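Trainee: Handing you this structure, nothing more for now.
Only the coordinates and a few stated rules stand behind these numbers; no lab work does. Not measured: the values here are computed from a predicted model. All Cβ positions, glycine included, derive from the backbone under ideal geometry; neighbour counts span all protein chains shown.
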Amino acid sequence: MRHPDYFRHCLLCIKKGMKRAAPYIILTLILAAVVYAWYRYGFLRKPDRNTPYDDSLFISPANGTIIAIRPYGQSTFIETKDAPECDRGAMQILTGDVAGSGTVITIRLDLDDVHYQRAPTSGVVVHSRYTSGKHEPIYATGEAEPRHQNEHNEILFTDTHGNNYKVVQIAGFIARSIKAMVTPGQWVEQGQIIGCIEIGSQVTIILPPEINVTATVGDYVIDGETVLGAIL
């Protein structure tokens, strides 16, 4: 038979344990609140942008650093027997519904960049196509290459001049959430938010030859503000 003070002793032990743990519990709650505040009001911030609202200009859809600008066309799609099977034909698939030739711009988003994307021009959403895939690091060797093997979402637009272009949202090693906030047939205004990628990631833009790119590699660009080129 248990001692009559057994339960009282247990309660006292629990109270003492909670008293000792209280500082750690409070510290944990404070840290959790700080992390949530950073995530909600820092990482997922949506600052106002000074969009030019000019149909002759192509504005950056993403905030980050341009790590590659390269032409594409049939002559640039060089594949070898050593190329991974998952990569073969990937660029043709990404560019095929835009144009037979043009320019690919790749923007790297760091943790402290804004992770919402905006419409580069006014126009119509043709389609939004999601593809599951890997989550390889954006910062790995060869980071200037579009990480088309990673999970990504393609949003195809037609601008007011009748040109097709595409914004490709690409997940990174940590990123596990890609959101498209537009639907096929929807009209979007230049600078309007079209989607979001959470944590470090990449945005690739596929342009037709009718857009003359004026940006350069190494430029730090602002979503909805920085001019990437002019529409001819």
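Trainee: Cβ under 10 Å from residue 195's Cβ, residue 195 left aside: what net charge do those residues give with Lys, Arg +1 and Asp, Glu -1?
Mentor: Values: positive: 118, 179; negative: none.
That sum, taken over residues with Cβ under 10 Å, equals +2.
Trainee: With a 10 Å radius around each residue's Cβ, average the other Cβ atoms per peptide and rank 110-122, 219-231, highest first.
Mentor: Numbers: 110-122: 21.3, 219-231: 19.2.
My ranking of the peptides, most packed first, is 110-122, 219-231.
Trainee: If you don't mind, there's one more thing I want to ask. Multiplying the sequence separation of residue 183 and residue 220 by 0.36 nm and subtracting their Cα-Cα distance, what value in nm do you get?
Mentor: Working: separation 37, 0.36 × 37 = 13.32 nm, distance 2.89 nm.
Going from the current span to full extension adds 10.4 nm.
Trainee: Amide H to amide H, which residues 5 or more places from residue 103 or on other chains are under 5 Å from it, using H placed in the peptide plane?
Mentor: Result for residue 103 returns 72, 207.
Trainee: Could you run the Karplus curve 6.51 cos²θ - 1.76 cosθ + 1.60 with θ = phi - 60° over segment 208-220 and give me ³J(HN,Hα) per residue in whole Hz, x for Gly and Pro?
Mentor: For segment 208-220, the Karplus-derived couplings read x, x, 6, 10, 8, 6, 10, 6, 10, 4, x, 5, 9 Hz, x marking Gly and Pro.
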